[in-house]
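Have a look at the structure below before the remarks.
The values are calculated or read from the model by the stated rules, or taken from the named source; none is laboratory data. The structure presented is a predicted model; accordingly, all values stated were derived computationally and were not measured. When we count neighbours, we look across all protein chains shown, and the Cβ atoms used for this are built from the backbone with ideal geometry, even at glycine. Just the protein is used for accessible areas: all its heavy atoms, side chains included, with ligands, DNA and RNA removed. Shrake-Rupley method; radii C 1.70, N 1.55, O 1.52, S 1.80 Å.
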Amino acid sequence: MLRQLPDDFSALVLGASGGIGHAVLKALLDSRKPKRIIAVSRHAPGLEDSRLECLALDITTQEGQDTLAAHLKDAPLHLIFNAIGMLHDGNAGIAPEKRFEDLDFDALARLFHVNAATPVMLFKTLKGSLLGKHPIIFASLSARVGSIEDNGLGGWYAYRASKAAHNMFLKTAAIELKRLNRQAIVLCLHPGTTDTDLSQPFQARVPEGKLFTASFVAEHLLDVMDRRTPDDSGSFWDWAGEPIVW
Ligand SMILES: NC(=O)c1ccc[n+]([C@@H]2O[C@H](COP(=O)([O-])OP(=O)(O)OC[C@H]3O[C@@H](n4cnc5c(N)ncnc54)[C@H](OP(=O)(O)O)[C@@H]3O)[C@@H](O)[C@H]2O)c1
């Protein structure tokens, strides 16, 4: 697993109670290679292991980011896997927009905050754990619909644009991080349509065989990360290991 990283590597999983985040966390725990795994989520991931440290906090807030930094105390991190993201929120009346009339300031701001601002803020929060000479994979879940060139269907304004912003933030952070740690690999990853709460309302229109389980996706994303080098830092890949155009 993740051959670039040392035996006894330290991992941070954000969104550890979400569908894909939880599956990646389980895959890491199934391996003997990680020595320390820090799982961040608002709800406990419900897993136990002597190597696992669970932090219950909301990483989309400054308070949550500060609590994480205080916990880490600049200890080196080798794998950062961000699985946080949102598409809809029934309680807040947020759903993907189909037409101009659906556009809403609050929904646009919320999705940009969770999907784009939160991941890039991690670079500030984690800077002390990233700089140095140790190998790092910083992978953050994006979505193919965030590809501007690939946008042939329209709709889903907030989600698409917040993922495009996510990708620009990650690409920009990859450039700065290279100066602080030449071994760092920053990746935007598309998991494919995965059977989780996020995709649940839209699963009926997914073609047969194209709705993946979270464990299948976790396995493939780990494999995609395993095949990357620092020369790939600041790039966008799908679950099958194919590059995606910005
Ligand atoms: N599922 C798909 O088909 C699919 C396709 C393409 C891309 N993706 C991307 O993959 C990532 C993971 O999605 P998933 O399918 O695993 O969805 P999920 O099961 O809904 O998990 C989403 C995660 O994001 C966290 N989150 C959402 N809104 C938050 C907020 N306001 N504040 C703090 N945490 C928040 C959730 O935390 P809580 O558990 O605390 O709510 C959860 O850990 C997302 O970035 C998504 O855009 C998914």
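Summary of values
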quantity	calculated
Protection proxy ranking, peptides 89-99, 73-83, average beta carbon neighbours within 10 Å, highest first	73-83, 89-99
Percent accessible area from carbon and sulfur atoms, the chain, protein chains only, probe 1.4 Å	53
Per residue, in Å², the accessible surface of the chain once ligands and nucleic acids are set aside, probe 1.4 Å	50
Residue-count net charge about Gly146 - beta-carbon cut-off 14 Å; Lys, Arg +1, Asp, Glu -1	+1
Solvent-free Debye scattering, log10 I(q)/I(0), computed from the Cα coordinates of the stretch 10-238 at q = 0.07, 0.09, 0.15 Å⁻¹	-0.21, -0.35, -1.01
Where only alpha carbons of the stretch 85-148 are counted, the Rg and the Dmax (Å)	15.6, 50
Beta bridge orientation in the stretch 10-238: antiparallel %, DSSP, nearest 5	5
